[in-house]
Amino acid sequence: MYNRKMTMLANAASEPVSAEPSGQSRAAHQKVGVGFSRFLSTYFLTPYVQQMTRRYLTLDPVEMDSLPGPEPGKSYTLYLHVPFCESLCPYCSFNRFLFEETKAKPYFRQLRQEMRMAHRLGYRFTSVYIGGGTPTIMIDELCETIDLARELFPIEEVSCETNPNHLIPEYIEKLEGRVQRLSVGVQSFDDELLKQMARYHKFGSGKEIQEKIRQAAPHFPSLNVDMIYNFPSQTEEILRRDVQMVIDSGAQQTTFYPLMTSPSVARSMDRSVGKVEYSREAKYYEIILNELDKDFEPMSAWTFIRSGTGMLDEYIVDSEEYVGLGSGAFSFLNGTLYVNTFSVKEYSRAIESGRMSVSAMQRYGRREQMRYRFMMEMFGLRFDRQRFKRSFGAPPEWGLFFEMLAMFLAGAFSKVTPKALFMTPRGKYLAVVLMREFFSGVNNLRDEARKALTDEERMCAMAVRSNQVTA
């Protein structure tokens with residue numbers, strides 16, 4: 001899915017914390033202050049995050065046979081990556097290759113072998129997130145992988161990504177009961193935008209996709225609809241219609257990501273959906289906040305849950321440490337980022353020889369971890385001051401004086417209590433900008449990791465079939 005796995009981060013939290021203080025109702029009209037927010041984003045926040053990501057989102061090659069084991073008392077989320085797609089979307093920079101059954105089938109087997117390695121290290125996960133790629137591309141292999149995860153670990157919740165063409169009775173029957181949170185990559189219900197993304201002929205019209213979601217939603221405790229906004233040709237009318245179709249679909253949750261890019265996909269995006277620019281982004285975000293307001297509640301800066309459903313499937317809010325298995329997966333453990341090889345061939349060789357597939361890493365000091373926590377707390381819409389102090393020995397106003405001062409001056413916080421800070425609509429948008437630029441930096445990191453691919457793999461990873469790009 002577009003950016004759901006991100007910092008690899010983890011947790012489909014079943015008890016999300018409301019972004020609003022007790023007794024405070026949502027405003028009838030939420031205003032981000034479009035002009036001022038755009039000014040802050042363009043001239044301050046975006047350059048700041050870009051500078052930080054260039055400085056800190058780098059990788060050092062490493063040779064190691066295994067990830068470190070778990071620390072006593074810590075909880076971890078498991079992320080599994082399935083890097084195969086039937087076709088490649090022009091905006092996606094995740095590790096993905098065109099599907100070939102002769103490569104995908106042994107890959108699933110090796111992924112299960114790597115899960116056994118994690119079990120031998122002592123990990124005991126209670127939640128797993130399966131992303132890609134398209135995890136449902138081989139449904140029986142996926143089900144076998146989920147079943148093994150439940151056998152090895154005390155798994156309580158499984159989250160999984162899929163595409164609209166897999167919302168068919170045969171697949172739903174196999175996933176129901178195995179998967180608690182299903183996330184469907186829709187991106188837009190507008191037929192012309194779907195054609196630009198080369199998704200119309202493959203997945204059907206917007207109305208057909210909406211009907212598939214309506215039929216599938218009752219079979220899962222949480223069905224999330226992934227959307228993208230700020231396409232160059234997207235008008236306000238198209239965006240409002242997209243939001244309304246999400247509301248009418250019956251989905252329990254939706255995620256609206258701003259359009260992002262990276263050098264590896266910039267050319268294919270220019271040819272298909274057009275060049276990304278951000279002058280309308282704040283206005284479009286304000287539209288999303290207000291159009292969803294009656295039916296959905298914001299649970300993170302870009303994730304919204306239908307009122308009364310009580311489940312959250314945005315796994316980067318609460319879990320700080322996670323183990324990523326599979327080619328191209330990231331792990332974050334004890335302040336260190338580990339990156340698995342992006343080469344499926346190298347991944348296969350490592351697993352078959354009894355090794356895990358870590359190929360690079362980066363350690364982060366206390367201040368970098370504080371900045372990461374700052375961003376995640378902003379993204380979660382409720383900045384937990386007490387948890388920050390427990391983790392770093394100082395309140396956020398002391399540990400990150402300039403960052404916190406900037407957010408106070410920008411009007412990011414609606415209410416300040418000894419326990420937490422709550423976001424204004426403008427604060428929510430500034431959190432979107434933080435995450436957008438951070439994710440773009442991670443996309444650049446993936447581009448660096450892709451340099452190790454063989455020529456054959458690089459062509460398979462970057463290939464865009466002729467019917468994927470329309471004039």
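Just so it is clear, none of the values below were taken in a lab; they were calculated from the coordinates. As the structure is a prediction and not an experimental result, all values here were calculated from the model. Neighbour counts are summed over all protein chains in view; Cβ atoms, including those assigned to glycine, are modelled from backbone coordinates with ideal geometry.
Points worth noting:
- Answer residue from the stretch 404-442, given it is hydroxyl-bearing (Ser, Thr, Tyr) and over 19 Å from VAL34 (Cβ atoms) and is surrounded by the fewest Cβ atoms within 10 Å (Cβ to Cβ) among those: THR417
- Here THR424 meets each of (1) among the polar types (S, T, N, Q); (2) more than 14 Å from ALA301 (Cβ to Cβ); (3) out of contact with any Pro (no Cβ under 8 Å at 6 or more places or on another chain) with one exception, condition (2).
- Criterion applied to ILE213, ILE228 was being of a type outside the set (Lys, Arg) and assigned to a helix (DSSP H, G or I), and the one residue passing it is ILE213.
- Annotation note: of PHE392, PHE383, PHE401, PHE330, the sole residue that is crowded, with 19+ Cβ neighbours inside 10 Å and free of Cβ contacts under 8 Å to residues at least 60 places away in the same chain is PHE383.
- The single condition among (1) farther than 30 Å from GLY335 by Cβ; (2) under 22 Å from the mean Cα position of the chain (by Cα); (3) among the charged types (D, E, K, R) that GLU156 does not meet is (1).
- Members of the stretch 337-372 found to be under 24 Å from the mean Cα position of the chain (by Cα) and hydrophobic (A, V, I, L, M, F, W, C), listed by number: LEU337, VAL339, PHE342, VAL344, MET356, VAL358, ALA360, MET361, MET370
- Residues in the stretch 133-170 that are in a strand (DSSP E or B) and closer than 15 Å to LEU78 by Cβ: GLU157, VAL158, SER159, CYS160, GLU161.
- Helices (runs of 4 or more DSSP H) completely within the stretch 299-409 that count 3 or more residues being at negative phi and of a type in the set (Phe, Trp, Tyr): 366-379
- A search for C-beta distances below 7 Å between a residue of the stretch 224-235 that is among the polar types (S, T, N, Q) and any residue that is surrounded by fewer than 22 Cβ atoms within 10 Å (Cβ to Cβ) and part of a loop (DSSP other than H, G, I, E, B), counting only pairs 6+ apart in sequence or on different chains, returns ASN230/ARG280; SER233/GLY274.
- Residues that are out of contact with any helix residue (DSSP H, G or I) (no Cβ under 7 Å at 6 or more places or on another chain) and surrounded by fewer than 18 Cβ atoms within 10 Å (Cβ to Cβ) were ranked within the stretch 171-193; the one that is nearest to TYR79 (Cα to Cα) is GLY177.
- The criterion of being in contact with a Phe, Trp or Tyr (Cβ under 7 Å, 6 or more places away or on another chain) and surrounded by fewer than 22 Cβ atoms within 10 Å (Cβ to Cβ) does not hold for GLN215.
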